[in-house]
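Trainee: First, the structure itself, so that you have it in front of you.
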Amino acid sequence: MTVDELAELLAASMSEKTRAVVTSAEIEKTRAELHRMHLPKLTEAGIVEHDGEKGIVRLSDSTGLVDCLRAAAGVNLQ
């Protein structure tokens, strides 16, 4: 997915809004935080692969990561 798409999804989720009503300012703030803080750390940890030239980010193919995400999906937080 593109970094722009990810920023829009995250901005909507964090503000508890739908993508249709999230503001461009919220998206831009999230995009800046992704570039400055989150993507470098997630890339370094091997969780995502980020192509800065193409503006693409995706989950890594790590088996351990997939197992961890599957386990987390089954956790009931309520």
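Since every read-out is calculated from the coordinates, none of them should be taken as a lab result. Given the structure is predicted, the values throughout are model-derived calculations rather than measurements. Please note: Cβ atoms are built from the backbone with ideal geometry, for glycine as well, and neighbour counts cover all protein chains shown.
Trainee: Using θ = phi - 60° and the Karplus form 6.51 cos²θ - 1.76 cosθ + 1.60, what ³J(HN,Hα) does each residue of the range 19-27 get, whole Hz, x for Gly and Pro?
Mentor: 4, 5, 10, 5, 7, 5, 5, 5, 5
Trainee: In deg cm²/dmol and to the nearest 500, what is the mean residue ellipticity at 222 nm of the chain if only DSSP H runs of at least 4 residues count, each as -39500 (n - 2.57), divided by the residue total?
Mentor: After summing the helix terms and dividing by residue count, I get -14500 deg cm²/dmol.
Trainee: Moving on. What share of all Cα pairs of the range 3-73, in percent, falls into each consecutive 10 Å distance bin?
Mentor: 20, 42, 33, 5
Trainee: List the longest stretch of the chain that has no exposed loop site; here a site is one of the GluC sites (Glu not before Pro) assigned by DSSP to anything other than H, G, I, E or B, with at most 13 other Cβ within 10 Å.
Mentor: Answer from the scan: 17-52.
Trainee: Considering only DSSP states other than H, G, I, E and B, which trypsin sites (Lys or Arg not before Pro) in the range 49-78 qualify as loop sites with at most 12 other Cβ atoms within 10 Å?
Mentor: Passing both the DSSP loop test and the Cβ count: Lys54.
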